Each structure stands twice: as structure tokens, then as C-alpha cells.
1. Quick check, is residue 205 closer than 22 Å to residue 16 by Cα, part of a helix (DSSP H, G or I) and of a type in the set (S, T, N, Q)?
2. Before we move on, is residue 81 of a type in the set (D, E, K, R), more than 28 Å from residue 246 (Cβ to Cβ) and surrounded by fewer than 18 Cβ atoms within 10 Å (Cβ to Cβ)?
3. Please enumerate the residues belonging to the range 162-213 that are among the small types (Gly, Ala, Ser) and at pLDDT 95 or above.
4. If you check residue 115 against the conditions, is it in contact with a Lys or Arg (Cβ under 7 Å, 6 or more places away or on another chain), at pLDDT 95 or above and either assigned by TED's automatic domain parsing to the domain that holds residue 172 or under 19 Å from residue 173 (Cβ atoms) (or both)?
5. When the residues of the range 220-229 are filtered to those that are of a type outside the set (Lys, Arg) and surrounded by fewer than 19 Cβ atoms within 10 Å (Cβ to Cβ), which remaining residue is nearest to residue 265 (Cα to Cα)?
6. Tally time: how many residues in the range 116-137 are farther than 23 Å from residue 253 by Cα and more than 13 Å from the chain's Cα centre (by Cα)?
7. Please state which one of 240, 217 is surrounded by 18 or more Cβ atoms within 10 Å (Cβ to Cβ), in contact with a Ser or Thr (Cβ under 9 Å, 6 or more places away or on another chain), of a type in the set (D, E, K, R) and part of a helix (DSSP H, G or I).
8. Residue check: is residue 174 in the same structural domain as residue 86 (by TED's automatic domain parsing) and part of a helix (DSSP H, G or I)?
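The values are calculated or read from the model by the stated rules, or taken from the named source; none is laboratory data. Just so you know, these numbers come straight off a predicted model, no measurement behind them. Neighbour counts run over all protein chains shown; Cβ positions are idealised from the backbone, glycine included.
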Amino acid sequence: MSFEIKKIGVVGSGQMGNGIAHVCAKAGYDVFMLDSNADAAKDGLVKIDHNMEREVSRGQFDAAAKAKALARITAGTNYKDFKDCQLVIEAATEDETIKKAILTELVAVLPADALIASNTSSISITRLGAHTDRPGKFVGMHFMNPVPRMELVEIIRGIATDEDTYAIIRELAVKLGKTPVNAEDFPAFIVNRILLPMINEAIYTLYEGVGSVVSIDTAMKLGTHHPMGPLELADFIGLDTCLAVMHVLHEGLADTKYRPCPLLVKYVEAGWLGRKSGRGFYDYSGDEPVPTR
């Protein structure tokens, strides 16, 4: 395969975007990370620095390698800075309208042979790819959160994705130190198709009064050896993201078992989105998280 990736673009500097930029730079690729907000782009760089420093303190990385990796990353707000990228990974919020608007901007500046991957956790790759000028060069590359620590990447082919595109992205995932698995282009793919209904069911269990926040999380941690309880995990993912995935499952598969719990809807309407907003199923304003129900 003659196609070589030297520079990778990342759209979004939030938790997923800066994590993807982090692992790409660490693997030796030049990276341009874009955010629509200049302060958010700078903040993304600060978070990458902080997370790499944590790896250095754990002995997973040395200071010289960290300095080289950080030097490979630039950040900004101008789509034109993607013009010399061979691949751009879209890692914006889980909203199809926003993703399609980004893709429109992206294809206007990208070289004709450049590949595009979406880090969507649930939206149709076929549908997103059809919104570009290169559906054959479009693929799903769903990283897990937190990206630097989680080993898995789901690779999703849309109906039009070329075999070469799939092979290049699968090989890239391995170079990034990840284990790729193939997932078919059905709503929420593999991990979230299984995980989010479990979280939604935990919220129903709370909603119906079967158990409190603490009893539900303790039961799942001690009863199934999950490292985090489902409500704690929902707060970590972001309740807005959980709700978005449940909507995709419910609408895409037309099965009532995927109906989002009304309590999840209420929390999102209240702006209680979990860790990122300071309150969800737990209140994060003090030294220790305190259950809100």
C-alpha cells in the first residue's frame, strides 16, 4: 500500500479530541487539532501536556519523548490548516447536524486523496460518508474514553467505504498501540449497543426506586467486578452523550427496549450532565462525589 499517513488532523479538542491527538503524537505523527473556540483549543493542549506528564510520572513515557510528542502537536481554529493532512479524525460532539456541518467545511480544504474518519459512538457511517465528496475514503474510527488508556478502537465501514481505506485505518490503529475490532454499521456499533442500554436500565432502576445511586453502583461494582458503577460511568461519559446514543438506538432500531429513561431526559434538561457540569447522579462540587438521589 503506497498511501502513507504523516500528518493527522483532529476536529475537536475536548476529552476525545485531545486524547486522539495525544496518542497520534505519541506514535510519531504530526497532528493539527482544531476547535471552533480558540481558548478550547489551547485548553486541549494543556490537557495533553498534563496527561502526558502523568504517563511520565508512572514510568510509561520519558521526559524527552514527551517533549518530542508535544512538539508534534499544533492547535487552532482554521480549517485551512488541514490542507497537508493525509487523514482527519472528526471527534466533535455526538450530534449529526454538527458533524455534517464540520464535514462540509472539511472537504472544501482537504486534498482529494485524504481520508476522513469519524469518532462517532453511534451515528451511521454510511449516512455521514454520503455527506462528503469521498464516501469511499470515509470510515468510522471509534476510540474509547479515556483514549490514552483504553486499548480498543472500533473500525466501522460504511456501505461505500473502500477496502483500502479500511485496511489503512486498521493498520493505523495498531500503530497507535490499539486493538482494532470490526463493527458493522448498525446504530451504536458494538460497545455502546451493549453498554448504553445497561446504563439506561440502571437509571430506570433508580427511577423506579429499586435502589439508590450508591446501592446500584455498589451492587454492580461488587456483584460483577465492574471498575465503575453504571451511574458513576454515566456521569463520566456525560449524560447528554448517553441520551444522544439512546436516541440513536431508539430511532434507528425502533424497539421500545431502547427508550431513554425519563429521569435521564430530566437530568439533561436540567443541565446536570455529570462530571463535566459538576453535577449528575453525583455532585462533584466537594472533595468527594456525593449522590444526588
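1. It is false that residue 205 is closer than 22 Å to residue 16 by Cα, part of a helix (DSSP H, G or I) and of a type in the set (S, T, N, Q).
2. yes
3. 167, 173, 177, 183, 202, 209, 211, 212
4. Yes, satisfied.
5. Applying the first criterion (of a type outside the set (Lys, Arg)) to the range 220-229 yields 220, 222-229.
Keeping just the survivors that are surrounded by fewer than 19 Cβ atoms within 10 Å (Cβ to Cβ) gives 222-228.
Working: 222: 28, 223: 27, 224: 27, 225: 28, 226: 25, 227: 25, 228: 22 Å.
Of everything passing the filter in the range 220-229, 228 is nearest to residue 265 (Cα to Cα).
6. Matching residues across the range 116-137 total 7.
7. 240
8. Working: in the same structural domain as residue 86 (by TED's automatic domain parsing): yes; part of a helix (DSSP H, G or I): yes.
Judged against the criteria, residue 174 is a match.
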